[in-house]
Amino acid sequence: MKHIKKRFLLQMDSKAFFKENEANTKVLNLGENLPKEISRKRDEIITFLKTTEDIVIAGCLHRFQGKNLILPIPDPTLIYFHSAQSYIKGIKEARKKLIEKINFSTFLNETAINEIYDYYGKTSGFTIFLFTSIESFINQMLPDNYIYKVSSKKRTELYNKQQIQVSLDFKTKISKVLEDITGKNFFKNSTSANSMIWNLKEFRDDIIHTKQEDNNMLRYEGLIKKSLNFKYDKALISVASFMNFYKKDYIVECNCGGDF
């Protein structure tokens with residue numbers, strides 16, 4: 001798939017924004033110094049920046065190295081997804097080079113050793129970022145005052161937004177919690193897309209919680225083989241389908257024509 005449209009956490013058309021917020025919006029020229037009364041209250045102020053494409057995006061005021069900065073707040077889920085996607089081309093190229101260097105027709109030289117490290121570094125980066133994008137997406141879907149209830153014969157447990165993010169396991173959040181919020185369940189029926197998400201989680205867990213295999217002198221043979229065999233393109237498309245299932249047109253390919 002082509003690279004995705006990059007969006008910020010809060011953004012809207014400038015005409016619509018100013019129409020809704022005309023009464024309580026103060027327009028500043030970014031070439032000017034911030035007024036002292038605003039600078040002193042920078043932690044209490046939300047800023048909105050107008051882009052050259054007539055889009056308004058939300059940001060915050062932040063002082064760094066003696067300068068006042070206006071930081072646009074991006075959508076972290078899209079950042080993690082884009083970061084994973086950016087590894088795809090490199091993974092394909094690195095795998096091709098690696099296979100040429102480690103087959104029985106060649107000797108393992110220093111170049112091949114470097115390419116082994118490069119390949120497994122790229123595949124680990126892809127997997128970690130893509131899975132992180134799922135976790136970020138789930139947390140973003142939680143309404144501020146939402147309470148998740150778990151009932152049994154002996155007790156009822158209540159989880160607020162913060163407790164859900166910290167205390168509940170991934171499987172509960174991605175299936176039961178999302179269904180409770182949206183009335184939909186991406187995992188209701190087994191499909192190749194949702195099976196791939198479970199495969200991604202397993203691969204990510206193997207990387208993050210790297211463990212040695214018992215009774216195997218090579219110790220990490222399974223993990224290394226999985227890195228070579230994993231279907232990276234399919235995983236990316238499956239995660240996009242999952243997100244778009246709950247939030248229509250959330251992951252959208254950019255129409256600029258470029259790969260990344």
* To do: Take residue 81 and decide whether it is open to solvent by 50 Å² or more (accessible area, probe 1.4 Å) and modelled with pLDDT of 75 or more.
  => no
* Asked: Quick check: is even one residue across region 40-50 touching a strand residue (DSSP E or B) at 6+ places or on another chain (Cβ under 9 Å), at pLDDT 75 or above, surrounded by 15 or more Cβ atoms within 10 Å (Cβ to Cβ) and within 24 Å of residue 243 (Cβ to Cβ)?
  -> no
* Asked: Of all residues in region 147-162 being in a loop (DSSP other than H, G, I, E, B) and touching a residue at least 12 places away in the same chain (Cβ under 8 Å), which is most open to solvent (accessible area, probe 1.4 Å)?
  -> 147
* Do we find a residue being among the β-branched types (Val, Ile, Thr), open to solvent by 20 Å² or more (accessible area, probe 1.4 Å) and out of contact with any Gly (no Cβ under 6 Å at 6 or more places or on another chain) anywhere in region 125-137? -> yes
* Being assigned to a strand (DSSP E or B) and small (Gly, Ala, Ser) is the filter here, so list the residues in region 72-103 that pass it. => none
* To do: Would you mention how many residues in region 92-113 are open to solvent by 60 Å² or more (accessible area, probe 1.4 Å), at pLDDT 80 or above and not charged (D, E, K, R)?
  => 1
* Would you check if there is a residue in region 179-191 being open to solvent by less than 70 Å² (accessible area, probe 1.4 Å), part of a helix (DSSP H, G or I) and touching a residue at least 12 places away in the same chain (Cβ under 8 Å)? => yes
* Asked: For residue 194, are the conditions met, namely being touching a helix residue (DSSP H, G or I) at 6+ places or on another chain (Cβ under 9 Å) and open to solvent by 80 Å² or more (accessible area, probe 1.4 Å)?
  -> no
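For every residue, the table says whether it meets (1) at pLDDT 80 or above; (2) charged (D, E, K, R); (3) in a loop (DSSP other than H, G, I, E, B); (4) open to solvent by less than 40 Å² (accessible area, probe 1.4 Å).
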{"site": "206", "(1), (2), (3), (4)": "yes, yes, no, no"}
{"site": "219", "(1), (2), (3), (4)": "no, yes, yes, no"}
{"site": "225", "(1), (2), (3), (4)": "yes, yes, no, no"}
{"site": "249", "(1), (2), (3), (4)": "yes, yes, yes, no"}
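The values are calculated or read from the model by the stated rules, or taken from the named source; none is laboratory data. As the structure is a prediction and not an experimental result, all values here were calculated from the model. Here Cβ is always computed from backbone atoms with ideal geometry, including for glycine, and neighbour counts include all displayed protein chains. With ligands, DNA and RNA removed, areas are computed over all heavy atoms of the protein, side chains included. Shrake-Rupley method; radii C 1.70, N 1.55, O 1.52, S 1.80 Å.
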